[in-house]
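One structure is given below, encoded as structure tokens.
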Amino acid sequence: MYKVSSLALLLATAISPICLSQKIGCEGLNGFSDFDFWVGEWEVFDSSTGAKVGEDTIQKIESGCMLLEHWRGVSGSTGTSLTYYNPVTREWRQVWVSEDRFSIDIVGNIRGDSMLLEGSIYNFAGAVWDFRGNWTPRPDGSVHKFLEQFNHDSNEWDTWLNFHYVSKERG
């Protein structure tokens, strides 16, 4: 027993610095830059009215392996998402959680000129709806974000939000 424990401790001590010191990252790997057009500091406007609805910060983290989003609405609402590319499934996944007691879990890929993610939105009271999002980069550097929720009563897709992202750097 003592020899097995000692051997395990010796191996863990020898291997841990090697594993912890490796910093490989995802920069330059296929697929990981597909959503780079959304990275930045943004002022966000309602596409229909032109009114400012909030600000959004999207950062690349974990050496380019993941995107971290921090939303701040003008009304005081907040939300956070983690978005990452899975090179095994070759799909992007976004998980969003909001103080408004809902979460979104959507998966997808680039289709044409847009990122299209589909999945579900979960109300913390127990309701679940089909959900989809579409992010489209514009030639001027802005991004159009369009989200829809499936309405089970009408059997149609309802617009959940229709936003225009303008870079704080490009104005």
* **Failed item in (1) at pLDDT below 95; (2) under 24 Å from Gly40 (Cβ atoms), with Gly126 passing the rest** => (2)
* To do: Might you check whether a residue that is among the basic types (Lys, Arg) and either in contact with a Lys or Arg (Cβ under 7 Å, 6 or more places away or on another chain) or at pLDDT 95 or above (or both) occurs anywhere in the stretch 77-91?
  => yes
* Which residues, counting only those in the stretch 151-169, are acidic (Asp, Glu) and touching a strand residue (DSSP E or B) at 6+ places or on another chain (Cβ under 8 Å)? -> Glu156, Asp158, Glu169
* **Pair list, Cβ under 6 Å, 6 or more apart: the stretch 151-165 residue under 29 Å from Arg72 (Cα atoms), other residue open to solvent by less than 40 Å² (accessible area, probe 1.4 Å) and among the hydrophobic types (A, V, I, L, M, F, W, C)** => Trp157/Phe150; Trp160/Leu147; Leu161/Leu147; Phe163/Val44; Tyr165/Trp42; Tyr165/Val44; Tyr165/Val143
* Quick one: which of Ile104, Ile121, Ile110 is in a strand (DSSP E or B), among the aliphatic types (A, V, I, L, M) and open to solvent by 40 Å² or more (accessible area, probe 1.4 Å)? -> Ile110
* Asked: Within the stretch 137-165, can you find the residues that are β-branched (Val, Ile, Thr) and surrounded by fewer than 17 Cβ atoms within 10 Å (Cβ to Cβ)?
  -> Thr159
* To do: Hey, can you tell me all the residues within the stretch 1-57 that are more than 30 Å from Asn109 (Cβ to Cβ), assigned to a loop (DSSP other than H, G, I, E, B) and at pLDDT 95 or above?
  => Thr49, Gly50, Ala51
* Within the stretch 61-99, restricting attention to residues that are outside any strand (DSSP E or B) and polar (S, T, N, Q), which residue is most open to solvent (accessible area, probe 1.4 Å)? -> Ser75
* Asked: Residues of the stretch 34-54 being open to solvent by 50 Å² or more (accessible area, probe 1.4 Å), touching a residue at least 60 places away in the same chain (Cβ under 8 Å) and among the acidic types (Asp, Glu), which ones?
  -> Asp34, Glu41, Glu43
* To do: For Thr136, indicate whether it is more than 17 Å from the chain's Cα centre (by Cα) and either modelled with pLDDT of 95 or more or within 24 Å of Trp42 (Cβ to Cβ) (or both).
  => no
* Among (1) surrounded by 15 or more Cβ atoms within 10 Å (Cβ to Cβ); (2) not in a strand (DSSP E or B), where does Gly126 come up short? -> (1)
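The values are calculated or read from the model by the stated rules, or taken from the named source; none is laboratory data. This structure is a prediction, so every number in the text was calculated from the model and none was measured. Every residue, glycine as well, gets a Cβ built from its backbone with ideal geometry; the counts of neighbours run over all protein chains shown. For the accessible areas, the whole protein counts, side chains as well, though only heavy atoms, and no ligand, DNA or RNA atoms are used. Shrake-Rupley method; radii C 1.70, N 1.55, O 1.52, S 1.80 Å.
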